[in-house]
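The values are calculated or read from the model by the stated rules, or taken from the named source; none is laboratory data. From a predicted model like this one, the values you see are computed outputs, not experimental measurements. Here Cβ is always computed from backbone atoms with ideal geometry, including for glycine, and neighbour counts include all displayed protein chains. Please note that ligands, DNA and RNA were not included when accessible areas were found on the heavy atoms of the full protein model with its side chains. Shrake-Rupley method; radii C 1.70, N 1.55, O 1.52, S 1.80 Å.
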Amino acid sequence: MSDLLSWAEHEFKLNQPDDKGITSREHLKEVERQTGVTPKELKNPNEFPILLRHLWFAFVDLNGARTAGFSGPNPITYTELKAWKELTDTQLKPWEIEGIKKLDGVYLRVANG
């Protein structure tokens, strides 16, 4: 699980927009386009753990329906997780639910600076 969390944190940081709404990924891609050299920061130093891809896809689905408040994105709640499981007819074990919640924690930490 720690492999997925490390991989995700790098991706979340790349997708974090600056005060002009431009992500680090976009800045680095522009450097790559202009120089022809891929910046090392663009490459995720962690390998995506393929055996946990179902957790990543579940998180991405839930993240897409995330609510937000005045202070930024709200956490994914257990109620939202339960509704998603029922609507998608997806079976998740308790450790998988906890994994999604951990991914959410990393996302919120990066999103909130």
- [ ] Restrict the check to segment 97-105 and report whether at least one residue is farther than 23 Å from residue 7 by Cα and among the hydrophobic types (A, V, I, L, M, F, W, C).
- [x] no
TODO: Among the residues of segment 45-87, write down those that are open to solvent by 70 Å² or more (accessible area, probe 1.4 Å) and among the charged types (D, E, K, R).
DONE: 47, 53, 61, 82, 86
Open item on the list: I'd like the full set of residues that are open to solvent by less than 100 Å² (accessible area, probe 1.4 Å), closer than 20 Å to residue 12 by Cβ and of a type outside the set (Val, Ile, Thr), limited to segment 33-44.
Closed with: 39, 41, 42, 44
Open item on the list: Could you tell me how many of the residues in segment 3-31 are under 30 Å from residue 51 (Cβ atoms) and open to solvent by less than 70 Å² (accessible area, probe 1.4 Å)?
Closed with: 15
Open item on the list: Residue under question is residue 16, and the condition is that it be of a type in the set (S, T, N, Q) and touching a residue at least 12 places away in the same chain (Cβ under 8 Å); does it hold?
Closed with: yes
TODO: Would you please list the contacts, defined by Cβ atoms under 7 Å and residues six or more apart or on different chains, that run from a residue in segment 81-92 that is free of Cβ contacts under 8 Å to residues at least 60 places away in the same chain and over 18 Å from residue 66 (Cα atoms) to a residue that is open to solvent by 40 Å² or more (accessible area, probe 1.4 Å) and assigned to a helix (DSSP H, G or I)?
DONE: 92/85
